[in-house]
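For reference, the structure I am asking about is given below.
The values are calculated or read from the model by the stated rules, or taken from the named source; none is laboratory data. Nothing here was measured: the structure is a model prediction, and the numbers come from that model. As a convention, Cβ positions derive from the backbone with ideal geometry for all residues, glycine included, and neighbour counts pool all protein chains shown.
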Amino acid sequence: MLHLIRFELIKTFTRWRTYIGFIAFGIIVPLVVAGLKLGGQHSFERHLLSLLQNDFVIGGNVLNGWFFGFFFMGALWVHIPIVLTIVAGDQIAGEGNAGTFRFLLTHAVSRTRIIAVKFIVTLIYTAVMVLFIGGLTLGLSLAAFGSGDLLIIRRGILVIPEAQLPYHFLMAYGLATLAMFVVSSLCFLFSSLTDNSIGPIIATMAVIIVSIIIISLPFELFQAIRPYLFVHYFDAWQKVFDDPIPWGAIRTNVAVLTGFMAAFYLAAMVHFAGKDILS
Amino acid sequence: MSDIVLRTIDLTKRYASRLAVDHLNIEVRRGDIFGFLGPNGAGKSTAIRMILHLVFPTEGDVEIFGASLAKARHRALDKVGAVVEKPAFYGHLSALRNLEILGGLQKPVTRKRIMENLERVGLADRAGDPVKTYSHGMNQRLGLALILLNDPQLVILDEPTTGLDPQGMKEVRELILELSRERGVTVFLSSHLLYEVELIATQMAIIHQGRLRVEGSVRELLKKGPSSVLLKTDRPDEALHFLGTQEVYRSASIHSDGIHVELDQEKIPELNRQMVGAGFNVNALVPRRTLETYFLNLIEGREA
């Protein structure tokens, strides 16, 4: 099994498309950080102070690296799926399109093992991508704006001491990774249904966009649907910045997201195990 | 140990209302070079894909080395090497890396062994180049290098010489013969190039509209029924007149390449003797009944 994972990692990480996301975020994040450093920070400051200065005395470095790290995570979670689907959508469909299954599946290796290996590598890529973006945004923000306590305006105002922040961010990145695993799993499922890599990317993004619209609009009809949408549970990472941390709600989110991920994987496996390879 | 390496048992594939393969029963014995023939759309590729478990049969089963594909897929495919249609590789990776990955799925292969196989198919000097820079012929040869890596006892080749130049076709034919003669490998190959099958196959089956039409020894099948020879002589008009006086020949007619004589297979030596005896110079006497004529007759319903 390990040698199959190694082969799959080689195949995935030697394709240039795998690095599109790294390159895109590697350019965008430094540009945004530079933009903030060279002036944009002041508009944030003005906005934040206008909200708080009547009630609080603000001191110290409020707009620090942790603050922008948190801000980036909130801003980018909708965009990260786009780069994840580029690889996840190609994992099965790409081989079908290229015709390489004709070699891969005529060996004495089971289809379930091959799909399991591909799924593991998809998750590895997803984790690497989320941690890369998290590390990059936080690292550059801390380098540009320094450290300090984190001020969060979410259901009230909360200040998390600097010493506790690495722990909170680590948990947040873990939960964000799990949410992105669900996105990749869905795309992986779509990838098993077709021999065209573009289809799974479009289908996954369509599901996410429609889901976001449903969870955002305050219609009564949509409220009943929300619990059945995986996007509804994506905010688990934000919960670790609440006080007290709602562990019960986080556990529920983790269980539901894991359930979605397992369901998508199993559906992909069942479909692929009985699929005629005609390409 | 059974002599039968590959057996299809009522192998059937139905796509909606279309029957692609209809209760196919064939047997391939150890050491055979088995030619699997049929016109386009006859069901050859579907049958091969079912034999390799790429496509699931609607009905029936395949036994390879006695193991049922449906019940013991691993054991059935363990000693099989196959190239189905155009060989497809990971274009961004080198030939070396492709063989390491695709050849090492079952058990790891050493770099030395990979290089030996690349050397064998004449690709050693391009081992490090991305496969996307390879020509079609090079891909075909790389496909053969791949299947040889795991020392298969049954090699299944789907149109192995398609797209190759004459030299490439010859090399592939020689490699197949070498596999069969020197390594005792059983070869199952589909082809639309009947001449090619005639040159190397010992057994063959013809499939048409999804159904098996004939199966047997190539030599025996070619002996069946009337034969035809091309006779080249110095005086064709007189020779034709002479042939008209002889009752042993079914028919004779002049064509641009010579005289076409229809006769029974065993009368060919007699034809030569009579022509020489009558004072004609026989420049050539070439059998015209090939697998191609047999095949076409069968498909067109002129042959049982």
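Buried (at least 18 other Cβ atoms within 10 Å of the Cβ), out of contact with any Gly (no Cβ under 8 Å at 6 or more places or on another chain), within 14 Å of chain A (Cβ to nearest Cβ) and outside any helix (DSSP H, G or I): is that true of B:LEU54 in this structure?
On the way: buried (at least 18 other Cβ atoms within 10 Å of the Cβ): yes; out of contact with any Gly (no Cβ under 8 Å at 6 or more places or on another chain): yes; within 14 Å of chain A (Cβ to nearest Cβ): yes; outside any helix (DSSP H, G or I): yes.
Against the criterion (buried (at least 18 other Cβ atoms within 10 Å of the Cβ), out of contact with any Gly (no Cβ under 8 Å at 6 or more places or on another chain), within 14 Å of chain A (Cβ to nearest Cβ) and outside any helix (DSSP H, G or I)), B:LEU54 qualifies.
Please tell me if B:LEU146 is surrounded by 15 or more Cβ atoms within 10 Å (Cβ to Cβ), assigned by TED's automatic domain parsing to the domain that holds B:LEU24 and modelled with pLDDT under 80.
Working: surrounded by 15 or more Cβ atoms within 10 Å (Cβ to Cβ): yes; assigned by TED's automatic domain parsing to the domain that holds B:LEU24: yes; modelled with pLDDT under 80: no.
No; evaluated as a whole, the condition is false for this residue.
Looking at (1) within 19 Å of A:VAL33 (Cβ to Cβ); (2) at pLDDT below 90; (3) of a type outside the set (Ser, Thr, Tyr); (4) surrounded by 17 or more Cβ atoms within 10 Å (Cβ to Cβ), which is the only condition A:ASP149 fails?
(1)
Another question, if that's okay. Limited to the range A:102-117, what total is found for residues that are surrounded by fewer than 24 Cβ atoms within 10 Å (Cβ to Cβ) and touching a residue at least 40 places away in the same chain (Cβ under 8 Å)?
Here is the first cut: in the range A:102-117, the residues surrounded by fewer than 24 Cβ atoms within 10 Å (Cβ to Cβ) are A:104-105, A:107-117.
When the remaining residues are screened for being touching a residue at least 40 places away in the same chain (Cβ under 8 Å), the result is A:105, A:109, A:111-117.
Residues that pass the stated criteria total 9.
Against the condition facing chain A (nearest Cβ under 10 Å), closer than 25 Å to A:THR112 by Cβ and out of contact with any Asp or Glu (no Cβ under 9 Å at 6 or more places or on another chain), how does B:ARG73 come out, does it pass?
Working: facing chain A (nearest Cβ under 10 Å): yes; closer than 25 Å to A:THR112 by Cβ: yes; out of contact with any Asp or Glu (no Cβ under 9 Å at 6 or more places or on another chain): yes.
Against the criterion (facing chain A (nearest Cβ under 10 Å), closer than 25 Å to A:THR112 by Cβ and out of contact with any Asp or Glu (no Cβ under 9 Å at 6 or more places or on another chain)), B:ARG73 qualifies.
Filter the range B:48-78 down to the residues that are out of contact with any Phe, Trp or Tyr (no Cβ under 9 Å at 6 or more places or on another chain) and of a type in the set (Lys, Arg), then identify the one that is nearest to A:GLY96 (Cα to Cα).
Filtering first and then ranking leaves B:ARG49.
Looking at the range B:76-91, which of its residues are more than 7 Å from chain A (Cβ to nearest Cβ), closer than 18 Å to A:ALA108 by Cα and either more than 22 Å from the chain's Cα centre (by Cα) or assigned to a helix (DSSP H, G or I) (or both)?
The one that is more than 7 Å from chain A (Cβ to nearest Cβ), closer than 18 Å to A:ALA108 by Cα and either more than 22 Å from the chain's Cα centre (by Cα) or assigned to a helix (DSSP H, G or I) (or both): B:ALA76.
Sticking with this one: Can you work out which of the residues in the range A:1-36 that are of a type outside the set (A, V, I, L, M) and closer than 18 Å to A:MET73 by Cα is modelled with the lowest pLDDT? Lay out the reasoning, then the answer.
In the first step, residues of the range A:1-36 are kept if they are of a type outside the set (A, V, I, L, M); the result is A:3, A:6-8, A:11-19, A:21-22, A:25-26, A:30, A:35.
Those still in the list that are closer than 18 Å to A:MET73 by Cα too: A:21-22, A:25-26, A:30, A:35.
Details: A:GLY21: 89, A:PHE22: 92, A:PHE25: 90, A:GLY26: 91, A:PRO30: 89, A:GLY35: 82.
Ranking the qualifying residues of the range A:1-36, first place goes to A:GLY35.
Let me ask something additional. Step by step: first the residues of the range A:263-279, then only those that are part of a helix (DSSP H, G or I) and not hydrophobic (A, V, I, L, M, F, W, C), then the one that is farthest from the other protein chains (Cβ to nearest Cβ). Which residue is that? Write out each step before concluding.
Within the range A:263-279, the first condition is being part of a helix (DSSP H, G or I), and the residues that meet it are A:263-273.
Narrowing further to those that are not hydrophobic (A, V, I, L, M, F, W, C): A:265, A:271.
Working: A:TYR265: 21, A:HIS271: 13 Å.
Restricting to residues being part of a helix (DSSP H, G or I) and not hydrophobic (A, V, I, L, M, F, W, C), the top hit is A:TYR265.
Now for a separate question. Does B:ILE114 count as part of a helix (DSSP H, G or I) and more than 9 Å from every other protein chain (Cβ to nearest Cβ)? Lay out the reasoning, then the answer.
Values: part of a helix (DSSP H, G or I): yes; more than 9 Å from every other protein chain (Cβ to nearest Cβ): yes.
Yes, satisfied.
Give just the number: which of (1) within 12 Å of chain A (Cβ to nearest Cβ); (2) within 26 Å of B:LEU37 (Cα to Cα) does B:LEU175 not satisfy?
Condition not satisfied by B:LEU175: (1).
Need a quick list: strands (runs of 3 or more DSSP E) entirely within the range B:186-304 having at least 1 residues that are under 30 Å from B:ILE33 (Cα atoms) and either under 22 Å from the mean Cα position of the chain (by Cα) or modelled with pLDDT under 85 (or both). Walk me through how you get there before you give the answer.
On the way: elements: B:186-191, B:203-208, B:211-217, B:227-233, B:251-255, B:258-263, B:282-287.
Ranges flagged: B:186-191, B:203-208, B:211-217, B:227-233, B:258-263, B:282-287.
What number of residues within the range B:1-40 are within 14 Å of another protein chain (Cβ to nearest Cβ) and either without any contact (Cβ under 8 Å) to a residue 24 or more places away in the chain or within 20 Å of B:SER180 (Cα to Cα) (or both)?
4
Confirm whether B:ALA67 is more than 30 Å from B:LYS132 (Cβ to Cβ), more than 7 Å from chain A (Cβ to nearest Cβ), crowded, with 23+ Cβ neighbours inside 10 Å and hydrophobic (A, V, I, L, M, F, W, C).
On the way: more than 30 Å from B:LYS132 (Cβ to Cβ): yes; more than 7 Å from chain A (Cβ to nearest Cβ): yes; crowded, with 23+ Cβ neighbours inside 10 Å: no; hydrophobic (A, V, I, L, M, F, W, C): yes.
No: the conditions fail for B:ALA67.
Can you find a residue that is among the aromatic types (Phe, Trp, Tyr) and touching a Ser or Thr at 6+ places or on another chain (Cβ under 9 Å) anywhere in the range B:41-64?
Initially, the range B:41-64 is screened for residues among the aromatic types (Phe, Trp, Tyr), giving B:56.
Of the ones still in play, those that are also touching a Ser or Thr at 6+ places or on another chain (Cβ under 9 Å) are none.
Within the range B:41-64 (the criterion being among the aromatic types (Phe, Trp, Tyr) and touching a Ser or Thr at 6+ places or on another chain (Cβ under 9 Å)), the answer is no, since none of the residues qualifies.
Only one of these is within 14 Å of chain A (Cβ to nearest Cβ), of a type in the set (S, T, N, Q) and over 28 Å from B:VAL5 (Cα atoms): B:SER94, B:SER135. Name it. Please lay out each step first, then the result.
On the way: B:SER135 fails: within 14 Å of chain A (Cβ to nearest Cβ).
When all the criteria are applied, what remains is B:SER94.
Residues in the range B:173-188: is at least one under 21 Å from B:ILE48 (Cα atoms), among the hydroxyl-bearing types (Ser, Thr, Tyr) and buried (at least 20 other Cβ atoms within 10 Å of the Cβ)?
Yes, there is a match, as at least one residue in the range B:173-188 is under 21 Å from B:ILE48 (Cα atoms), among the hydroxyl-bearing types (Ser, Thr, Tyr) and buried (at least 20 other Cβ atoms within 10 Å of the Cβ).
Oh, and also: Which residues, counting only those in the range A:236-261, are touching a helix residue (DSSP H, G or I) at 6+ places or on another chain (Cβ under 8 Å) and not β-branched (Val, Ile, Thr)?
Within the range A:236-261, A:ALA236, A:TRP237, A:GLN238, A:LYS239, A:PHE241, A:PRO246, A:ALA249, A:ASN253, A:LEU257, A:PHE260, A:MET261 qualify.
Still on this structure: Look at A:GLY74 and say whether it is in contact (Cβ under 8 Å) with a residue 24 or more places away in the chain, under 15 Å from the mean Cα position of the chain (by Cα) and surrounded by fewer than 22 Cβ atoms within 10 Å (Cβ to Cβ).
Against the criterion (in contact (Cβ under 8 Å) with a residue 24 or more places away in the chain, under 15 Å from the mean Cα position of the chain (by Cα) and surrounded by fewer than 22 Cβ atoms within 10 Å (Cβ to Cβ)), A:GLY74 qualifies.
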